[in-house]
Amino acid sequence: MPAPLVEDLIPAFNAARWAGPLIDSLRQQTNPRWHATIIDDGSTDATADTIEVTCRALGESRITIIRQPNTGVAAARDAALTHARAPFVCFLDADDLIDPHHAKSLLDALAIADDAAAPSDHLTSTFDAAACGYRLIDSSSVDLGWSTNPQPGDHTFARVLAANRSAMGTVAIRRAALLSIRQLAGHHLADTACLCEDWQLWLNVALHGPNARGWPQDPRGVRWAPPVDRPLLAYRQHPAARSHALRASMNDGFALITHYAEAANDAN
């Protein structure tokens, strides 16, 4: 099988309940050139065992499970990025579901050239990142009747600072660009203690992306593809979701706005 073009990076903590639906949605991808790295972040349930047993029964070799002590979702994402090998990566949550055309649509938007034999870091693409829309589902996977699609310019610093418009699994981004951004951001993509770690990740991409370097075209900055205006990610809302910790999330959000506004002023 040809080498994967996109790697789904998935932190998982006590997510055994969601393992089956997640694996099913990964395996339904119409573009087979994907790989998934799941970081079992110190789960106290059977998350890792469930994934391993399911993949073994299915003969599924495109999913790798890595066990580590609990470090928090942001650090688990960093660990997954360190292990990744595909030229493009996409961060998913363990309870997400993705549309069968998720990988294909994002890869098509990236306009990847047909040079599959090239080393992954030398894969030619017109763009470095692409985003799609998402919809909300409940804990039983019932559609909640709400969806949103990205707009051109959504990932500029001013727009990201104003609001986090991207669920984690809506973006495929060049791995080499993220590694450069991580170094510029202080060797981690987000603070593991922050409840808004997904927003902080996109703030780091927006703030440091214009200076990210280190892949063959070596541009000054991350080049975003025209958005894919379809909701290809199902983002789950349920009582256990951390997004329900509203007061703490709001406090962290205000702190992020202050910090990154000051950082942007210092950069100018």
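The values are calculated or read from the model by the stated rules, or taken from the named source; none is laboratory data. All values derive from a computational prediction rather than experimental measurement. Positions of Cβ are generated from backbone atoms using ideal geometry, with glycine treated the same way; all protein chains shown enter the neighbour counts.
Observations, loosely collected:
- Pairing residues of the stretch 90-117 that are within 28 Å of Phe13 (Cα to Cα) and among the β-branched types (Val, Ile, Thr) with residues that are at pLDDT 95 or above and part of a strand (DSSP E or B), at Cβ distances under 7 Å and at least 6 apart in sequence or on separate chains, gives Ile98/Leu232; Ile98/Leu233.
- Cβ-Cβ distances below 9 Å connect the following pairs, each with a first residue in the stretch 159-180 that is under 13 Å from Leu92 (Cβ atoms), a second residue that is buried (at least 24 other Cβ atoms within 10 Å of the Cβ) and of a type in the set (Lys, Arg), and a separation of six or more residues or different chains: Met168/Arg77.
- Breaking point among (1) surrounded by fewer than 22 Cβ atoms within 10 Å (Cβ to Cβ); (2) modelled with pLDDT of 95 or more, for Ala131: (1)
- For the stretch 75-93, the condition of being touching an Asp or Glu at 6+ places or on another chain (Cβ under 7 Å), farther than 24 Å from Ala225 by Cα and not basic (Lys, Arg) holds for at least one residue.
- In the stretch 158-175, the residues that are farther than 18 Å from Trp34 by Cβ and part of a helix (DSSP H, G or I): Ala158, Arg159, Val160, Leu161, Ala162
- Every residue from the stretch 221-267 that is closer than 16 Å to Ala185 by Cα, part of a loop (DSSP other than H, G, I, E, B) and modelled with pLDDT under 85: Gly221
- In the stretch 85-103, the residues that are surrounded by fewer than 19 Cβ atoms within 10 Å (Cβ to Cβ) and closer than 25 Å to Leu136 by Cβ: Pro100, His101
- Screening Thr54, Thr50, Thr82 for residues that are in contact with a Gly (Cβ under 7 Å, 6 or more places away or on another chain) and either surrounded by 18 or more Cβ atoms within 10 Å (Cβ to Cβ) or part of a helix (DSSP H, G or I) (or both) leaves exactly one candidate, Thr54.
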